[in-house]
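What follows is a set of notes on a single structure, which appears directly below.
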Amino acid sequence: MVNRVTVLGSLNVDNIMQVKRLPLPGETMTMSAKKIAGGGKGANQAIAAARSGAQTAFIGKVGADEQGRLMKGYLEDAKIDATSVTLATEETGQAFILLQENGENSILVLGGANQAITDDDIEAAKEKITTADFLITQFETPIEASITAFKYAKENDVVTILNPAPAKRVPEVLLKNVDLIVLNETETELLTEIKIDEEESWHQAAAKLAKMGVKNTIITLGSKGAYYKTTTAEGFIKAFKVATLDTTAAGDTFLGALSSQLHKDLSNIEEAIVFASMASALAVQKLGAIPSIPQLSEVNDALGEANF
């Protein structure tokens, strides 16, 4: 069965500035290159889901500008249903990415049209939510809209996946409607107030998230791998070792790919994480967010050649 995935999220044009390292306060530096590409956490995750085989729909907003047309084009090229991507008076969202030689990045985001999503937009796109298997959202769009969307999802047996990024506090009213939370070390520390370092801290964080109402957790640990804890299983999946060029879309590719493979009861979570980890490993070897996200055949081929 093909998973039906709906993403409520952001659409940003990425301005990628390649630098040797981050500038110091007051320092002026030259860039080695500049590139424009499609991005935004929502768009990245949706395209990763679609390229990994999911039937995907998107709920979001763009401006009535060239950047907006570009972003809708990216979705349509990936065969994503973009009929619930509507126009805002604000300009299309943008991200400014300082990409260092070591592959690490620092990102500044201008929300623009992404911040114009309202409950009315969620109501208009309700069918996209209620007919999905999975609903995904992040924090580059208004939390109020996410609360409404997750409420509709839970009323219709749709599995909700929250990626609380950029890191911020999560309202209790949203947490109570989250089936699976996928977060990195920084986001985990902010939500749980537990320092994520040794393995014991992973268990403690998952336990605290369960007390907060989220019973199923995946903590992505960068180059180390991913820890998972559900109501029936717990484990750790090592990351695939690759030469890293750009980590911008690593987490988003992981989440989108995961949603394409996961069963609604999460019974195959380990296999889905392995698949998602390989998709992410392929993505970090290329420059840019959307351009780096692999196709299903590429992930399957790489898994067939991998030793794990």
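The values are calculated or read from the model by the stated rules, or taken from the named source; none is laboratory data. Predicted model, so just to flag it, every value in this text is computed and none were measured. Here the Cβ is made from the backbone with ideal geometry for all residues, glycine too, and neighbour counts use every protein chain on show. Note: accessible area is taken over every heavy atom of the protein model, side chains too, but ligands, DNA and RNA are not part of it. Shrake-Rupley method; radii C 1.70, N 1.55, O 1.52, S 1.80 Å.
Points worth noting:
- Test for Lys154: is it assigned to a loop (DSSP other than H, G, I, E, B) and surrounded by fewer than 20 Cβ atoms within 10 Å (Cβ to Cβ): no
- Flag if Gly60 is within 30 Å of Asp157 (Cβ to Cβ) and surrounded by fewer than 22 Cβ atoms within 10 Å (Cβ to Cβ): no
- Any hit, region 79-92, residues being under 24 Å from Ala279 (Cα atoms), under 17 Å from the mean Cα position of the chain (by Cα) and not β-branched (Val, Ile, Thr): no
- From Lys79, Lys72, residue being of a type outside the set (Ser, Thr, Tyr) and either open to solvent by less than 20 Å² (accessible area, probe 1.4 Å) or closer than 14 Å to Asn12 by Cα (or both): Lys72
- Qualifying residue in region 143-150 (condition: under 18 Å from the mean Cα position of the chain (by Cα), crowded, with 23+ Cβ neighbours inside 10 Å, on the phi < 0 side of the Ramachandran plot and among the β-branched types (Val, Ile, Thr)): no
- Selected residue (criterion: surrounded by the fewest Cβ atoms within 10 Å (Cβ to Cβ)) from residues of region 286-308 that are part of a loop (DSSP other than H, G, I, E, B) and at pLDDT below 95: Asn307
- Selection count, region 1-15, where residues are surrounded by fewer than 24 Cβ atoms within 10 Å (Cβ to Cβ) and at pLDDT below 95: 2
- Restricting attention to region 140-183, the residues that are touching a strand residue (DSSP E or B) at 6+ places or on another chain (Cβ under 8 Å), among the β-branched types (Val, Ile, Thr) and farther than 17 Å from Ala46 by Cα total 2.
- Scope region 117-172; condition in contact with a Ser or Thr (Cβ under 7 Å, 6 or more places away or on another chain) and among the aromatic types (Phe, Trp, Tyr); matching residues: Phe134, Phe150, Tyr152
- Selected residue (criterion: least open to solvent (accessible area, probe 1.4 Å)) from residues of region 158-209 that are among the charged types (D, E, K, R), touching a residue at least 12 places away in the same chain (Cβ under 8 Å) and closer than 13 Å to Lys229 by Cα: Asp179
- Set side by side, the residues Leu99, Leu87 differ, and just one is more than 26 Å from Asn3 (Cβ to Cβ), of a type outside the set (Gly, Ala, Ser), open to solvent by less than 10 Å² (accessible area, probe 1.4 Å) and in a strand (DSSP E or B), which is Leu99.
- Among the conditions (1) crowded, with 20+ Cβ neighbours inside 10 Å; (2) of a type outside the set (Gly, Ala, Ser); (3) within 30 Å of Val284 (Cβ to Cβ), the only one that Leu108 does not satisfy is (1).
- Among the residues of region 16-46, the ones that are buried (at least 24 other Cβ atoms within 10 Å of the Cβ), small (Gly, Ala, Ser) and not in a strand (DSSP E or B) come to 4 in all.
- In region 122-132, of all residues being more than 19 Å from Lys41 (Cα to Cα) and out of contact with any Asp or Glu (no Cβ under 9 Å at 6 or more places or on another chain), the one that is most open to solvent (accessible area, probe 1.4 Å) corresponds to Glu127.
- Residue check for Leu135: aliphatic (A, V, I, L, M), in a strand (DSSP E or B) and out of contact with any helix residue (DSSP H, G or I) (no Cβ under 7 Å at 6 or more places or on another chain): no
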